[in-house]
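The values are calculated or read from the model by the stated rules, or taken from the named source; none is laboratory data. These numbers were taken from a predicted model, which means no experiment stands behind them. Don't worry about glycine lacking a Cβ; one is built from the backbone with ideal geometry, like all the others, and counts go over all protein chains shown. Just so you know, the surface numbers come from the protein's heavy atoms only, side chains and all, with ligands and any DNA or RNA stripped out. Shrake-Rupley method; radii C 1.70, N 1.55, O 1.52, S 1.80 Å.
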Amino acid sequence: MNKVVLAYSGGLDTSVAVAWLKEQYKAEVVTLTVDLGGGSLREGVERRALSAGAAKAYVVDARETFVSKYVWRALQANAMYQGAYPLATALARPLLAQLLVELAQKEGADAVAHGCTGKGNDQVRFDVAVHALDPGLKVVAPMRVGMGLTREQSIDYATARGIEIPVTKASPYSIDVNLWGRSCETGVLEDPWVTPPDDAYAWTVSAADAPDAQDIVIGFEGGIPVSLDGEMLSGVALVERLHDLGAQHGVGRVDHIEDRLVGIKSREIYEAPAATILHAAHRALEGLVLSKEQLRFNRMVADELAQIIYDGLWFSALSRDLRTYTLSSQRVVSGEVRMRLDHGRASVVGRRSPLSLYDKSLATYDEGDAFDHAAAVGFIEIFGLPLRVEAARHGAVGKHHGAAWTWTDPLLDGLPTTISS
Ligand code: ARG
C-alpha cells in the first residue's frame, strides 16, 4: 500500500487513524471530508488532518448530490427500514464510497480507508460499495485491524504526536449525522428498557415543549418535494426548512430496536424531522394519484429497496432496477399535501393534485352521486361467484353437506353455526 484515501470526519478517531495508517503501512495518507449537512462538517477539519500528518486534506460539499441522487430516490420509493428508520446513515454510505473511489483514482491511491468498527453496518456498506465501484482498491479499516483504542488512549496517542484534538466534549453516544437524520446509539441506550435521556436528542424539542400546532403545504413534482407554502426551493433548502420546522414541533423522534446486517439487534435513537414529514406527505399524495395495484406493488418495492439500502447494496443490479421502476411510477406524483405539525406529530390534513384519481361524483354520499348503485348487484354476482362455488362443493362454513367426513372448523369452534328461533 503506497497511498490511501481516508474518509475523515474530523473527530478524534479518524484523526488518530491518519497517523496510525502512516506509521503502520508507511503509506501517504490523503483525507476526504464530505459535508452532508446536518452539522456533519466540523470546524477546522483541514487543519486537524494536516496536523495528524495527512499529505493533503480535501473537503467536499456533497449536500445537493446527496439529496437529489440518494435521499429523493429513497423518499420516492417510501423506503423506511423496518417501517421506522428513514435510512439517513445508510443512504450516505454509497455516496461517501463513490467520492472515496473517485478521489483514490484521481490521486493514484491503491487503497481507501474508513473509521468503522467491525460490529456495525457501516463497514459492510463501505467495503461492498467501494468494491462494486473499483474492485482493484484495497479497503482498510484501522479499527478492525488493531487500532482499537479507548478515548483516553487516543488522546494520549494524539498528544504524543502533536495531533490537534477536536474541542468537542466526549459524547456518551456514538452519533452519525447528515441532513436527512441523526443516528444515536450506545451508552445507556444499550438497555432497551431505559427511557432515552434528554441528551440523546440534539435536534428536536420534546413534544410537551412544542408550540401551538402549525399547518404547512408541501408541493411535489414527479414524487420530488419542490416547494414549501408555495415557495419553490432547492432540495437542500427544502430539507433544511422542514428540519427546522419539524424540530421545533418535536417531530421525527424514533426509538427503534433494529436488526443489524451483522445479525445483532441494537437500540437506535433517530431524529429525522424532515424525513418524517416528507415520507408521510409523499405517501399521502401517492394515495391520491396512484392505482390500488400500484400502491400495493410499491409497498413491496419499498420494503425491498429499504433492505437493499440498509444492507449496503445500493450499487447492485436489483437496486438499480427497483429505482428505475420507482422513477417511472412517480411520473404522476405531483400535487400538494397539507401537513399539521402538532406536538411531536406530523399528520396529513389535506391533499390535492391535478392528476388525482379521486372523483367526488363517484365517492359522494350526497347529491350528485354518479355511481350506479344498481350495477353493484351484477358486479357482486360475478365477484362472489368463486366463493359460492366453493361453498357448494366444500360445504358452507360450519356445515358439511352430505360429506362422508365431519370436520369442525377450529376458527368457528365454540361459535353457534345455526341461529335457533
Ligand atoms: N443503525 C444505523 C444504521 O446502521 C445508524 C448507524 C449509525 N452509525 C454510527 N456510527 N453511529 O444505518
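Please work out which residue is least open to solvent (accessible area, probe 1.4 Å), limiting yourself to region 340-372 and to residues that are touching a Ser or Thr at 6+ places or on another chain (Cβ under 7 Å) and in a strand (DSSP E or B).
346
Show the residue pairs meeting these rules: Cβ distance below 6 Å; 6+ apart or different chains; first residue within region 233-261 and part of a helix (DSSP H, G or I); second residue within 16 Å of the ligand (Cβ to nearest atom).
Close Cβ pairs (under 6 Å, with a partner that is within 16 Å of the ligand (Cβ to nearest atom)) amount to 239/179; 246/252; 247/203.
Filter region 123-136 for residues that are touching a helix residue (DSSP H, G or I) at 6+ places or on another chain (Cβ under 6 Å) and either assigned to a helix (DSSP H, G or I) or of a type in the set (A, V, I, L, M) (or both) and give the result.
The answer is 125, 126, 129, 130, 133.
List the number of the failed condition for residue 173; all other conditions in (1) modelled with pLDDT of 95 or more; (2) under 30 Å from residue 237 (Cβ atoms); (3) of a type in the set (Phe, Trp, Tyr) hold.
Among (1) modelled with pLDDT of 95 or more; (2) under 30 Å from residue 237 (Cβ atoms); (3) of a type in the set (Phe, Trp, Tyr), the lone unmet condition for residue 173 is (1).
Run down 224, 309 and say which single residue is touching a residue at least 24 places away in the same chain (Cβ under 8 Å), open to solvent by 10 Å² or more (accessible area, probe 1.4 Å) and closer than 20 Å to residue 178 by Cβ. Outline the logic, then answer.
On the way: 309 fails: open to solvent by 10 Å² or more (accessible area, probe 1.4 Å).
Matching residue, one of 224, 309: 224.
Could you check how many residues of region 187-211 are modelled with pLDDT of 95 or more, open to solvent by less than 50 Å² (accessible area, probe 1.4 Å) and of a type outside the set (A, V, I, L, M, F, W, C)?
Within region 187-211, residues that are modelled with pLDDT of 95 or more, open to solvent by less than 50 Å² (accessible area, probe 1.4 Å) and of a type outside the set (A, V, I, L, M, F, W, C) number 5.
Any residue at all in region 302-315 that's under 25 Å from residue 216 (Cβ atoms) and assigned to a helix (DSSP H, G or I)? Can you show your working first?
In the first step, residues of region 302-315 are kept if they are under 25 Å from residue 216 (Cβ atoms); the result is 302.
Adding the requirement that they be assigned to a helix (DSSP H, G or I) leaves 302.
So far as region 302-315 goes, yes, one or more of its residues are under 25 Å from residue 216 (Cβ atoms) and assigned to a helix (DSSP H, G or I).
Conditions first: (1) among the hydroxyl-bearing types (Ser, Thr, Tyr); (2) under 30 Å from residue 358 (Cα atoms); (3) out of contact with any strand residue (DSSP E or B) (no Cβ under 6 Å at 6 or more places or on another chain). Residue 319 passes all but one, so which condition is the exception?
(2)
What are the residue pairs meeting all of these: first residue in region 99-114, first residue within 15 Å of residue 135 (Cα to Cα), second residue at pLDDT below 95 and in a loop (DSSP other than H, G, I, E, B), Cβ atoms under 8 Å, and 6 or more apart or on different chains?
So the pair list comes out as 110/1; 111/1.
Checking residue 117 against (1) free of Cβ contacts under 8 Å to residues at least 12 places away in the same chain; (2) within 16 Å of the ligand (Cβ to nearest atom); (3) among the β-branched types (Val, Ile, Thr), which test does it fail?
(1)
Filter region 227-244 down to the residues that are open to solvent by 30 Å² or more (accessible area, probe 1.4 Å) and over 16 Å from residue 68 (Cβ atoms) and list them by number.
229, 230, 231, 241, 243, 244
Would you call residue 378 modelled with pLDDT of 95 or more, open to solvent by less than 100 Å² (accessible area, probe 1.4 Å) and either over 46 Å from the mean Cα position of the chain (by Cα) or of a type in the set (Gly, Ala, Ser) (or both)? Step through it out loud before you land on a result.
Values: modelled with pLDDT of 95 or more: yes; open to solvent by less than 100 Å² (accessible area, probe 1.4 Å): yes; either over 46 Å from the mean Cα position of the chain (by Cα) or of a type in the set (Gly, Ala, Ser) (or both): yes.
So residue 378 fits the description; yes.
Quick check, is residue 165 open to solvent by 20 Å² or more (accessible area, probe 1.4 Å) and in a loop (DSSP other than H, G, I, E, B)? Before the answer, list the steps.
Working: open to solvent by 20 Å² or more (accessible area, probe 1.4 Å): yes; in a loop (DSSP other than H, G, I, E, B): yes.
It is true that residue 165 is open to solvent by 20 Å² or more (accessible area, probe 1.4 Å) and in a loop (DSSP other than H, G, I, E, B).
Inspect region 126-134 for any residue being more than 16 Å from the ligand (Cβ to nearest atom), open to solvent by 30 Å² or more (accessible area, probe 1.4 Å) and aliphatic (A, V, I, L, M) and give the result as yes or no.
Among the residues of region 126-134, at least one is more than 16 Å from the ligand (Cβ to nearest atom), open to solvent by 30 Å² or more (accessible area, probe 1.4 Å) and aliphatic (A, V, I, L, M), which makes the answer yes.
Is region 136-155 home to any residue that is within 16 Å of the ligand (Cβ to nearest atom), open to solvent by less than 30 Å² (accessible area, probe 1.4 Å) and among the basic types (Lys, Arg)?
No, the conditions are met nowhere in region 136-155.
What number goes with the only condition from (1) of a type in the set (A, V, I, L, M); (2) closer than 24 Å to residue 307 by Cα; (3) at pLDDT 95 or above; (4) within 19 Å of the chain's Cα centre (by Cα) that residue 262 does not pass?
Checking residue 262 against (1) of a type in the set (A, V, I, L, M); (2) closer than 24 Å to residue 307 by Cα; (3) at pLDDT 95 or above; (4) within 19 Å of the chain's Cα centre (by Cα), the one that fails is (3).
Can you pull out the residues in region 262-276 that are within 15 Å of the ligand (Cβ to nearest atom) and either in a loop (DSSP other than H, G, I, E, B) or touching a residue at least 40 places away in the same chain (Cβ under 8 Å) (or both)?
First, pick out the residues of region 262-276 that are within 15 Å of the ligand (Cβ to nearest atom): 262-272, 275.
Passing the criteria: 262, 263, 264, 266, 267, 268, 269, 270, 271, 272, 275.
Go through region 168-195 and report how many residues are at positive phi and either among the polar types (S, T, N, Q) or in a loop (DSSP other than H, G, I, E, B) (or both).
Result for region 168-195: 1.
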